[in-house]
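Following: one structure in structure tokens, then a few remarks.
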Amino acid sequence: MAVISTAAVVLHTFPYGESSKIVRLATRDHGVLSAIAKGAQRAKSRFGAHLQLMSDGTAQLYLKQNRELQTLAAFDIEHQRMGLTRDIGRYASASALAELILRFAPQEPQPHLYALLTTQLDALTDAEPSLVAQISLGAMWLVVSALGFTPSLDACAVDGCAIDSSGGVHFSVMDGGYLCPACAADRETSRLESADREWLQAFVGGADGVDPPRDGSLPPRHAAAHRRLVSQFIRVHVAEGRELKALHFWETQRWNATP
Ligand SMILES: [Zn+2]
């Protein structure tokens, strides 16, 4: 059995038996996988406190092809990201990203998706409190696009005709993007005013976090509307109707008293 070494993020852990843990890792070189960390529940485990959610480092794994559960030999931590797990808004965002990747990342290695995940987790960890909402929206759209579900923002999602390049626009979740006025007339759409359209385009197009249009941060009411939009888009196109608990928690922000 080969021992391999790869960069990896801890996306989920749960106890296994008396003393071990199962960890679900997003790895740079081997896709998403599950591994047993033997003895990880013991006080003097060689894994120590390293298997914290959202932390990344170098995983050494005994890897066997076609086996569902691999064996984690060691995990050398590089970024612990305690800031994420101490703040519920950041944690909810990171959990929703983790859920998307755990459930929908392809089996094959995805170095681009891995780099995107770690970049966005760092951005969420380091964000000013007032910017967490917009950074999490950017992260969500970037992961959706990286999974192969980029919304159509350049041409009508139904007939491909040109869309006016500025001003308000109709967005159809079902059709997967902007619609021209003719197609919008008999379909269910969300109307995005000019500023919200600019935000959406920043979310979908931003490479390393979001370049906000103009100067301000996204007002809470608009952030809530954008969370609903991307969550509906994910449910229809990525999840195809399957329930996503972490996404729902992030979308509704029930812990947050302000609307
Ligand atoms: Zn059209």
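Quick notes on this structure:
- Taking the numbered list (1) under 28 Å from Trp250 (Cα atoms); (2) surrounded by 20 or more Cβ atoms within 10 Å (Cβ to Cβ); (3) touching a strand residue (DSSP E or B) at 6+ places or on another chain (Cβ under 8 Å) in turn, Gln70 passes all entries but (1).
- Some residue of region 63-73 being touching an Asp or Glu at 6+ places or on another chain (Cβ under 8 Å), in a strand (DSSP E or B), outside the structural domain of Arg242 (by TED's automatic domain parsing) and touching a residue at least 12 places away in the same chain (Cβ under 8 Å): no
- Condition met for Thr119 (assigned to a loop (DSSP other than H, G, I, E, B) and either within 13 Å of the ligand (Cβ to nearest atom) or under 17 Å from the mean Cα position of the chain (by Cα) (or both)): no
- Of the candidates Ala40, Ala35, Ala7, the single residue that is without any contact (Cβ under 8 Å) to a residue 40 or more places away in the chain, surrounded by 15 or more Cβ atoms within 10 Å (Cβ to Cβ) and in contact with a Lys or Arg (Cβ under 6 Å, 6 or more places away or on another chain) is Ala40.
- Subset of region 130-165 that is in a loop (DSSP other than H, G, I, E, B) and surrounded by 18 or more Cβ atoms within 10 Å (Cβ to Cβ) - its residue that is nearest to the chain's Cα centre (by Cα): Leu147
- Scope region 169-201; condition part of a loop (DSSP other than H, G, I, E, B), more than 10 Å from the ligand (Cβ to nearest atom) and touching a residue at least 24 places away in the same chain (Cβ under 8 Å); matching residues: Val173, Met174, Gly176, Glu193
The values are calculated or read from the model by the stated rules, or taken from the named source; none is laboratory data. What you see is a predicted model, and the numbers here were worked out from it, not measured in a lab. Cβ: placed from backbone, ideal geometry, glycine included. Neighbour counts: every protein chain shown.
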